[in-house]
Structures are given as structure tokens and as C-alpha cells.
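Beneath this line is the structure, given in C-alpha cells, with notes to follow.
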Amino acid sequence: RDVQGGGLGGTGLRRPRGWALGRATLTKHYVGDLEGIGTTALITVQGSEGPVAYVAIERFRGSLRGDEGSVVLLHSVDVPPATARLLPTTGTGVFAGRTGLVTIEIDEAGVHHYSLDLGPSCAGGETG
């Protein structure tokens with residue numbers, strides 16, 4: 001599946017000795033088996049050669065193969081491929097109580113491709 005991202009609405013935090021911290025809020029539009037909107041708060045580290053790492057919290061609302069739900073994803077990335085974990089206590093509908101891992105691959109054109117490995121349901125998720 002593909003993700004089409006909105007622009008970075010970021011604010012640089014500081015740039016000591018050749019690296020910089022930045023923050024941004026992104027809106028992502030998911031298309032494919034996973035369809036919906038992700039709203040992400042992101043903190044990045046940039047070096048002189050480009051991105052070094054980022055952490056982010058993303059709230060996804062939409063559907064998985066037609067079944068509705070929402071969930072919060074925790075991104076923590078310092079080496080490719082990027083990954084994000086589903087936080088099972090935040091899930092509703094199809095994501096209620098579900099664990100999972102998202103792998104994010106970025107192609108040469110900069111398009112993000114997400115693969116979702118959805119784990120079994122566990123206690124603690126909401127329904128609805």
C-alpha cells in the first residue's frame with residue numbers, strides 16, 4: 001500500500017555542531033488495504049549528510065480491508081527500514097486490542113510503502 005504525505009509543518013529546534021533537531025506535524029493519506037488518515041507528531045534528527053533518526057506518535061483512523069477502526073502507532077527509527085508498533089490499548093474496531101508492526105519502505109521517488117504485520121488480539125483494547 002502507498003501513503004501520500006502532506007507537507008512538513010515543522011519548526012527547527014536547534015542546530016549545534018552540524019546536526020539539527022526538528023519537529024513537524026504530518027497528515028498522511030493511506031490508500032490500499034489500509035485506507036484512511038494518519039495524523040503524526042514527529043521529532044527528527046538531521047546530520048550534515050541527511051536524516052539520522054526520528055521518533056513519532058501517529059493516530060490512524062480508517063479501515064483495514066473495509067473494517068473500520070483507529071489505533072496509535074509508535075515510530076522509533078534510526079536505521080532502515082523504518083518501523084512502527086501498534087499500541088494495543090489504543091485500538092478501536094478492527095484494531096481493538098491488536099498488536100502489530102508496520103514496516104515502512106521508501107522508494108527512489110520518495111513514496112512510502114507500508115506493510116502491516118497484524119498480531120493477535122490481546123486484552124485491553126476498546127471496541128467500537
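Candidates Ala56, Ala96: the one that is within 22 Å of Val111 (Cα to Cα) and crowded, with 19+ Cβ neighbours inside 10 Å is Ala56. When Val31, Val3 are checked against the criterion of being touching a Lys or Arg at 6+ places or on another chain (Cβ under 8 Å), within 20 Å of Val111 (Cα to Cα) and at pLDDT below 80, Val3 stands alone in meeting it. Number of residues in segment 21-46 that are under 12 Å from the mean Cα position of the chain (by Cα), open to solvent by 20 Å² or more (accessible area, probe 1.4 Å) and within 15 Å of Leu116 (Cα to Cα) equals 0.
Looking only at residues in segment 99-110 that are surrounded by fewer than 17 Cβ atoms within 10 Å (Cβ to Cβ) and of a type outside the set (A, V, I, L, M), which one is nearest to Ser121 (Cα to Cα)? Looking at the filtered set, the residue picked out is Thr103. In segment 31-58, the residues that are within 17 Å of Thr90 (Cα to Cα) reach residues that are modelled with pLDDT of 90 or more and open to solvent by 70 Å² or more (accessible area, probe 1.4 Å) with C-beta atoms within less than 6 angstrom, at least six apart or across chains, in these pairs: Gly36/Arg61; Ile37/Arg61; Thr39/Arg59; Ala41/Thr25; Ala41/Ile57. Here Gly124 fulfils each of the conditions (1) open to solvent by 80 Å² or more (accessible area, probe 1.4 Å); (2) modelled with pLDDT under 90 apart from (1). Which of the residues belonging to segment 70-88 are assigned to a strand (DSSP E or B), farther than 16 Å from Lys28 by Cβ and open to solvent by less than 90 Å² (accessible area, probe 1.4 Å)? Once the filter is applied, which keeps residues that are assigned to a strand (DSSP E or B), farther than 16 Å from Lys28 by Cβ and open to solvent by less than 90 Å² (accessible area, probe 1.4 Å), segment 70-88 yields Ser76, Leu87, Pro88.
The values are calculated or read from the model by the stated rules, or taken from the named source; none is laboratory data. For clarity, every value in this text was computed on a predicted model and none was experimentally measured. Here Cβ is always computed from backbone atoms with ideal geometry, including for glycine, and neighbour counts include all displayed protein chains. Only protein heavy atoms, including side chains, enter the accessible area calculation; ligands, DNA and RNA are left aside. Shrake-Rupley method; radii C 1.70, N 1.55, O 1.52, S 1.80 Å.
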